[in-house]
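What follows is a single structure, written as structure tokens, with notes after it.
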Amino acid sequence: MAPRARRRRPLPALLTICALLARPRVTFQITPPCTHERHYERFGRCCHKCEPGKYMSSKCTTTSESVCLPCGPDEYLDTWNEEDKCLLHKVCDSGKALVAVEPGNRTAPRRCACTAGYHWSADCDCCRRNAECAPGFGAQHPVQLNKDTVCEPCLVGSFSDAFSSTEKCKPWTNCSVLGETEVRHGTDKSDVVCSSSLPSTKPPNESKIYLPGLIILLLFISVALVAAVIFGVYYRKKGKAVTANLWHWVNEACGRLSGNKKS
Ligand SMILES: *[C@@H]1O[C@H](CO)[C@@H](O)[C@H](O)[C@H]1NC(C)=O
Ligand SMILES: *[C@@H]1O[C@H](CO)[C@@H](O)[C@H](O)[C@H]1NC(C)=O
């Protein structure tokens, strides 16, 4: 029984020691940790790295912190760093069928991609023109940017009659919708051929005749109107002389006619 009573005693003493030890630990955690991501060690010191978008123009000394300066207009750094200069943005050369998809800034690199109709090829490390699908095959849609063409055979009811890297298979023409009859079946490479039956062709032919006639009539009316206006102006100026002359001429003509008759 006696050993048991002895063992109970040290417990409260241990707890007080633990409480005392915990205090210095709390103060120790307050000092910032020297992480490798954002800090570096020099002269036994923990110094700051430069944030993305800045380079280190001078490292820390025993008495001073690192000096960071911003990257130039066409430069970037996308990490916390100790670099003595920034990286230059790459050029998206349009002559190599490249185009910038992300312009880039001081903290992110510019990203280039192949222009529409081209895809990136690891073989040549360059942009290659997209493959064309042969007749009977259509390009799979939606066309993916920077990816080569995927050709798929035209299913029954559709066709493709040309080499193309973008065109889908087109559906055959529906002759009955046009009011015509099918004279040749379609294939995967050619459309259905429709032929118009006689009754359906008459109305368009008639309108073709009517239309020029209508235009000529309108022209004639407008010419007549212009002539009438011009005559109206002329009449106002020399109106009486003209009518007098006209009457004189008419009378003379009638007189001659009646004279001829009498003689
Ligand atoms: C820089 O570009 C990146 C990616 O394009 C973007 O996420 C970031 O917000 C830009 N930063 C600034 C400061 O414009
Ligand atoms: C043509 O269209 C009509 C009406 O939309 C439809 O009933 C018919 O099945 C179609 N014919 C073909 C060959 O697709």
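The values are calculated or read from the model by the stated rules, or taken from the named source; none is laboratory data. As the structure is a computational prediction, the values presented were derived from the model and not from experiment. Heads up, the Cβs are rebuilt from the backbone with ideal geometry, glycines too, and the neighbour counts pull from every protein chain shown. For accessibility, only protein heavy atoms count, side chains too; no ligands or nucleic acids. Shrake-Rupley method; radii C 1.70, N 1.55, O 1.52, S 1.80 Å.
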Accessible area (Å², 1.4 Å probe, nearest 10) - HIS248: 110 Å²
For TYR55, residues with placed amide H under 5 Å, excluding near neighbours: LEU69, CYS71
Lys and Arg at +1, Asp and Glu at -1: add these up for the other residues within a Cβ distance under 14 Å of SER195 and post the number. -2
With all protein chains modelled, accessible area of HIS48 [1.4 Å, Å²]: 100 Å²
Any idea what diffusion coefficient region 32-115 gets from Stokes-Einstein, in µm²/s, Kirkwood Rh on alpha carbon pairs, 4 °C, 1.567 mPa s? 92 µm²/s
Could you compute the net charge surrounding LEU87? Neighbours are other residues with a C-beta less than 13 Å from the C-beta of LEU87; K and R count +1, D and E count -1. 0
Heavy-atom surface of region 32-115, accessible at 1.4 Å and reported per residue (Å²): 64 Å²
Name the long-range amide H neighbours of VAL101: under 5 Å, sequence gap of 5 or more, or other chain; modelled H, no Pro or chain starts. ARG111, CYS112, ALA113
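When the solvent-accessible surface of protein heavy atoms is calculated with a 1.4 angstrom probe, in what order do VAL91, VAL183 fall, highest first?
VAL91, VAL183
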Subtracting the Cα-Cα distance of LEU211 and ASP74 from 0.36 nm times their residue separation yields 42.8 nm
Simple label model, 7 Å out from Cα along Cβ direction - ARG42 to ALA122, nm: 4.0 nm
Pull up all non-local amide H partners of SER164: gap of 5 or more, or a different chain, and H-to-H distance under 5 Å with H placed in the peptide plane. CYS133
Exposure of ASP125 as accessible area (Å², to 10), given a probe of 1.4 Å and all protein chains: 110 Å²
How would THR149, THR62 line up by accessible area, probe 1.4 Å, largest first? THR62, THR149
Could you go through region 86-96 in sequence order and give the Karplus-derived ³J(HN,Hα) for each residue, using 6.51 cos²θ - 1.76 cosθ + 1.60 with θ = phi - 60°, rounded to whole Hz, and x for Gly and Pro? 7, 8, 7, 5, 7, 9, 8, 6, 5, x, 9
In region 32-115, carbon and sulfur make up what percent of the accessible area (probe 1.4 Å)? 53 percent
